[in-house]
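Peer 1: This is the structure I have questions about; it appears just below.
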Amino acid sequence: MAIQTRYIYLLRYILPVTDIIMLNLVYFMAYYVTAELGRTASGEIEIDRNYIIVCNLIWMLSTAVFGLYTAYGARRLERIYRGTWRSVILHFVLFAIYLMFARDDQFSRTFLLVFYFSLSVAFIINRFVGTSIQYIVINKFKATKKVAVMGSNDTAIRISVYLQKQASLDFYGFVGDDESIYSDEEGFVSEVVSKRLMEAAESGVKDVYVAVAPQRMGEVKALVAEADRQCVRLKFIPDLGGTLASPYTMSYLGGEFPIITLRHEPLEEMGNRFKKRVFDVLFSSLVIVFILSWLYPIIGLLIKLQSPGPVLFKQLRSGRNDEPFWCYKFRSMTVNKDSDDKQATKNDARITKIGAFLRKTSLDEMPQFFNVFIGNMSVVGPRPHMLKHTEQYKEIISQFMVRHFLKPGITGWAQVNGYRGETKEKEAMENRVKYDIYYLENWTSMLDVRIIFMTIINAVRGEENAY
């Protein structure tokens with residue numbers, strides 16, 4: 001739940017309106033600048049064919065993908081900046097793709113350069129002005145909400161740190177320790193607590209956040225009554241620090257039943273899963289069409305010349321929610337009966353010469369882009385293991401199965417940090433699991449992009465454990 005202020009509420013509506021107005025102004029300005037340069041195509045198609053409508057629709061789609069105008073996206077300046085530049089880049093890509101499929105060769109490329117250059121400059125100015133206005137509104141006109149905290153436990157300290165970091169809030173301070181929260185033996189709050197609440201109210205405090213032990217909620221009635229008398233709202237935060245390891249999150253089922261979640265999983269949010277799936281489909285399609293279309297026949301021929309057997313090796317592996325799926329690879333070994341039981345080792349006699357090269361460069365994993373396109377794998381995620389190894393490791397590593405909350409990936413955070421290939425020791429697998437869980441709890445689109453680039457660099461450089 002976001003802490004609402006009038007500024008944040010209005011910003012969610014002011015931001016998209018000003019952006020749309022600016023986008024259209026820049027579009028027409030770019031057209032006239034291009035015309036002055038004498039580089040406008042004949043027929044003035046940039047205006048006549050209503051590309052401005054397409055331009056606006058693509059902007060709405062781009063900003064929706066990155067959540068620029070959501071309550072979360074508009075709450076902090078860095079999120080607005082990050083969402084803006086991502087939206088501009090995606091807008092350029094989608095508009096270019098649209099023009100390519102429209103096959104409109106007369107559309108001026110000079111116009112595109114002028115438009116996106118001007119749009120970038122306009123957004124820099126726009127966001128700078130917006131930052132200045134925010135500073136003036138918050139600091140000069142005091143458009144902030146004054147809040148305080150009651151309690152001295154770990155939860156109270158953590159919430160105070162959080163509140164002090166919010167630019168739209170004015171943190172008053174603490175108005176009592178843990179014992180101030182609860183009634184005395186006669187069912188009243190102390191005079192000290194009453195005085196502090198009165199002083200806070202006179203200073204303009206609107207909300208007081210109270211970190212309360214859940215089992216003592218029945219002892220806060222007198223505090224609620226006193227806060228009501230002082231016209232101060234109380235916001236109770238369960239102090240679970242002594243019973244649950246953080247971080248944990250709370251949500252509500254049907255707006256009624258509180259749910260405590262002990263692990264933060266960004267990909268449990270449908271919007272994030274949708275974004276990741278769209279990226280997987282687009283990325284795997286490009287690889288299949290532009291790389292595998294010519295690479296597959298070449299590697300297939302070399303594999304056939306080296307040893308008899310199929311080009312592809314398929315194996316049942318553990319997928320999301322521990323559901324088995326057929327994982328595809330280029331066959332890098334001679335056909336053998338131990339492939340489903342025995343992991344590849346250094347100088348493994350089963351590996352062919354072309355297989356050794358494929359493994360060293362990770363080209364043997366390329367057919368897994370078909371798995372990604374089908375939907376039982378992702379480009380980035382925990383590497384899938386043989387069913388036998390899943391059964392083996394889940395008995396000796398406590399959090400091993402947590403990694404199966406996600407779709408397995410062609411590459412992953414553990415692999416780019418050196419934990420790939422054969423795992424001889426329990427410690428190596430524990431570290432791999434640790435990195436996989438970090439990825440699960442800290443996923444972002446940019447982390448996926450970072451992992452992909454690190455994978456490409458490692459593949460070109462060659463990896464020590466790739467055998």
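Peer 1: Please work out if residue 160 is modelled with pLDDT under 85, in contact with a strand residue (DSSP E or B) (Cβ under 7 Å, 6 or more places away or on another chain) and within 15 Å of residue 236 (Cα to Cα). Spell out the reasoning first.
Peer 2: On the way: modelled with pLDDT under 85: no; in contact with a strand residue (DSSP E or B) (Cβ under 7 Å, 6 or more places away or on another chain): yes; within 15 Å of residue 236 (Cα to Cα): yes.
The answer is no for residue 160.
Peer 1: I've got another one for you. Test residue 394 against the stated conditions and say whether it is over 23 Å from residue 284 (Cβ atoms), basic (Lys, Arg) and out of contact with any helix residue (DSSP H, G or I) (no Cβ under 6 Å at 6 or more places or on another chain). Walk me through how you get there before you give the answer.
Peer 2: Numbers: over 23 Å from residue 284 (Cβ atoms): yes; basic (Lys, Arg): yes; out of contact with any helix residue (DSSP H, G or I) (no Cβ under 6 Å at 6 or more places or on another chain): no.
So residue 394 does not fit the description; no.
Peer 1: Residues that are over 42 Å from the mean Cα position of the chain (by Cα), at least 3 per element: which helices (runs of 4 or more DSSP H) completely within region 147-202 meet that?
Peer 2: Values: elements: 154-165, 178-181, 191-202.
Ranges flagged: 191-202.
Peer 1: Next question. Can you find a residue in region 301-312 that is touching a residue at least 12 places away in the same chain (Cβ under 8 Å), closer than 17 Å to residue 404 by Cβ and in contact with a helix residue (DSSP H, G or I) (Cβ under 6 Å, 6 or more places away or on another chain)?
Peer 2: no
Table: residues versus (1) in contact (Cβ under 8 Å) with a residue 40 or more places away in the chain; (2) surrounded by fewer than 20 Cβ atoms within 10 Å (Cβ to Cβ); (3) not assigned by TED's automatic domain parsing to the domain that holds residue 276.
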position: 368; (1), (2), (3): yes, no, no
position: 401; (1), (2), (3): yes, yes, no
position: 410; (1), (2), (3): yes, no, no
position: 416; (1), (2), (3): yes, no, no
position: 429; (1), (2), (3): no, no, no
position: 453; (1), (2), (3): no, yes, no
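Peer 1: With over 19 Å from residue 236 (Cβ atoms) and surrounded by 16 or more Cβ atoms within 10 Å (Cβ to Cβ) as the only criterion, which of 183, 168, 203 stands out?
Peer 2: Numbers: 183 fails: over 19 Å from residue 236 (Cβ atoms); 203 fails: surrounded by 16 or more Cβ atoms within 10 Å (Cβ to Cβ).
Sole residue among the options that is over 19 Å from residue 236 (Cβ atoms) and surrounded by 16 or more Cβ atoms within 10 Å (Cβ to Cβ): 168.
Peer 1: Then there is this: Hey, which of the helices (runs of 4 or more DSSP H) in region 26-103, taking only ones fully inside, have at least 3 residues that are at pLDDT 80 or above and not basic (Lys, Arg)? Give the steps one after another, and end with the answer.
Peer 2: On the way: elements: 45-48, 51-66, 77-102.
The qualifying helices (runs of 4 or more DSSP H) are 51-66, 77-102.
Peer 1: What is the residue count in region 434-463 for residues that are part of a loop (DSSP other than H, G, I, E, B) and among the charged types (D, E, K, R)?
Peer 2: 1
Peer 1: Of all residues in region 104-119, how many are among the polar types (S, T, N, Q), part of a helix (DSSP H, G or I) and at pLDDT below 85?
Peer 2: Going residue by residue through region 104-119, those that are among the polar types (S, T, N, Q) are 106, 108, 110, 118.
This time we only want the ones that are part of a helix (DSSP H, G or I), so: 110, 118.
Filter once more, keeping what is at pLDDT below 85: 110.
Counting residues in region 104-119 that are among the polar types (S, T, N, Q), part of a helix (DSSP H, G or I) and at pLDDT below 85 gives 1.
Peer 1: Within region 317-329, is there a residue that is within 14 Å of residue 370 (Cβ to Cβ), not assigned by TED's automatic domain parsing to the domain that holds residue 90 and not in a strand (DSSP E or B)?
Peer 2: no
The values are calculated or read from the model by the stated rules, or taken from the named source; none is laboratory data. Remember, it's a predicted structure, so these values are computed and weren't measured experimentally. Note: ideal-geometry Cβ built from the backbone for every residue, glycine included; neighbour counts use all protein chains shown.
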